[in-house]
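Participant: If you scroll down you'll find the structure; I have some questions about it.
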Amino acid sequence: MQDSVIHLEEIRKSYFMGKQELQVLKGITLDILRNEYVALMGPSGSGKSTLMNILGCLDSPSMGKYILNGHDVSTMPDNDLADIRNKEIGFVFQQFNLLPRLTALENVALPLVYAGVSKKMRLEMAHEVLRKVDLLDRSHHKPNELSGGQCQRVAIARALVNNPSIILADEPTGNLDTKTSYEIMNIFSKIHDDGNTVVLVTHEEDISNYAKRVIRLRDGLIESDKVKNAASVV
């Protein structure tokens with residue numbers, strides 16, 4: 001599909017335990033369009049974590065085709081996958097994954113170091129995305145001087161700084177209290193409103209309500225795929 005940022009065809013993934021084959025994904029065909037906001041849901045063992053790893057180019061499918069923003073990443077070697085991952089995907093994890101010795105600003109700028117951006121430009125770009133997540137006033141604080149919600153804002157800013165094709169968020173509110181979770185989800189809504197494609201992995205129904213489309217997995221297959229009406233979440 002022409003406007004798909006993610007196009008999956010018959011994606012299968014198996015792991016071997018000795019000689020025994022464990023089929024985790026059993027044929028996933030899916031398109032995610034530019035500027036969609038999608039939640040991936042499913043019980044433990046449904047395959048959603050495996051699918052997220054494949055979407056994030058952290059793992060490769062055993063069979064099938066994956067086109068990410070025009071690049072066929074299904075059979076790419078690891079070095080090329082790492083390059084695509086850095087350019088095309090912004091990750092937000094449950095654990096924040098910030099470097100403790102770096103300030104918020106330095107953490108946000110880190111992906112730009114790997115991209116070869118000059119120091120002056122890195123700091124300007126990092127300042128801009130920290131402003132987007134309302135954390136500019138904490139830019140020179142280290143992670144241990146920030147709350148959990150503030151650390152997740154830094155992680156979101158870091159995911160945005162490369163202007164990736166998709167933001168992939170894996171249980172981004174898993175370590176946060178309810179009030180802070182809703183604040184973080186409002187930031188994701190704002191990011192989506194700004195034109196970004198957001199893919200959210202969650203097991204929480206109230207968090208999935210922020211997405212415009214919910215895809216549910218069960219036993220390695222898509223059980224349902226529904227576009228939702230705009231929902232207001234308090």
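Participant: Rounded, prolate or oblate: which fits segment 89-144, taking a ≥ b ≥ c as square roots of the Cα gyration tensor eigenvalues, rounded meaning a/c under 1.5, else prolate when a/b beats b/c? Provide the component values of the computation, followed by the final result.
Facilitator: Details: a/c = 1.43, a/b = 1.17, b/c = 1.22.
Verdict is rounded for segment 89-144.
Participant: Still on this structure, I have one more. Test of understanding: what is the full-extension gain from residue 218 to residue 206, defined as 0.36 nm times their sequence separation minus their Cα-Cα distance? Before the final figure, lay out each step's value.
Facilitator: On the way: separation 12, 0.36 × 12 = 4.32 nm, distance 1.94 nm.
Contour length minus Cα-Cα distance gives 2.4 nm.
Participant: Where the centre of each part is set by its Cα atoms, how far does segment 21-96 sit from segment 136-171, in angstrom?
Facilitator: Each part reduced to its Cα centre gives a spacing of 22 Å.
Participant: Still on this structure, I have one more. Going by alpha carbons, how many degrees (0 to 90, nearest 10) lie between the helix axis of 148-160 and the longest principal axis of the chain?
Facilitator: The angle comes out at about 70 degrees.
Participant: Starting from the eigenvalues of the Cα gyration tensor, five times each then square-rooted, give me the equivalent ellipsoid semi-axes of segment 23-174, largest first, whole Å.
Facilitator: Semi-axis lengths for segment 23-174 are 29, 18, 13 Å.
Participant: From the square roots a ≥ b ≥ c of the eigenvalues of the alpha-carbon gyration tensor of segment 134-197, which class results: rounded (a/c under 1.5), prolate (a/b over b/c), or oblate?
Facilitator: oblate
Participant: If you build a Gaussian network model of the chain, linking Cα atoms that sit under 10 Å apart, which residue out of 178, 202, 50 swings the most?
Facilitator: 178
Participant: Same structure, new question: Taking segment 145-232, how many lysine pairs are there with alpha carbons less than 20 Å apart, if each pair must be eight or more places apart or span two chains?
Facilitator: Qualifying lysine pairs in segment 145-232: 5.
Participant: Here's a follow-up. Can you give me the angle between helix 104-114 and the longest principal axis of the chain, using Cα atoms only, in degrees from 0 to 90, rounded to the nearest 10?
Facilitator: Once rounded, the angle reads 50 degrees.
Participant: Once you have a ≥ b ≥ c as the square roots of the Cα gyration tensor eigenvalues for segment 32-87, tell me rounded if a/c is under 1.5, and otherwise prolate or oblate according to whether a/b is larger than b/c. Working shown, then result.
Facilitator: Numbers: a/c = 1.97, a/b = 1.33, b/c = 1.49.
Judged from the Cα gyration tensor, segment 32-87 comes out oblate (a/c at least 1.5, b/c at or above a/b).
Participant: I would also like to ask the following. Would you mind telling me which residue in 35, 162, 186 has the biggest mean-square fluctuation in a Gaussian network model of the chain, where springs connect alpha carbons within a distance under 10 angstrom?
Facilitator: 186
Participant: Further question on the same structure: Nearest 10 degrees, 0 to 90: what angle lies between the long axis of helix 78-88 and the longest principal axis of the chain (Cα atoms)?
Facilitator: Around 60 degrees separate the two axes.
Laboratory data are not the source of any read-out in this text; all were calculated from the coordinates shown. Keep in mind that this is a model prediction, so the values were computed, not measured.
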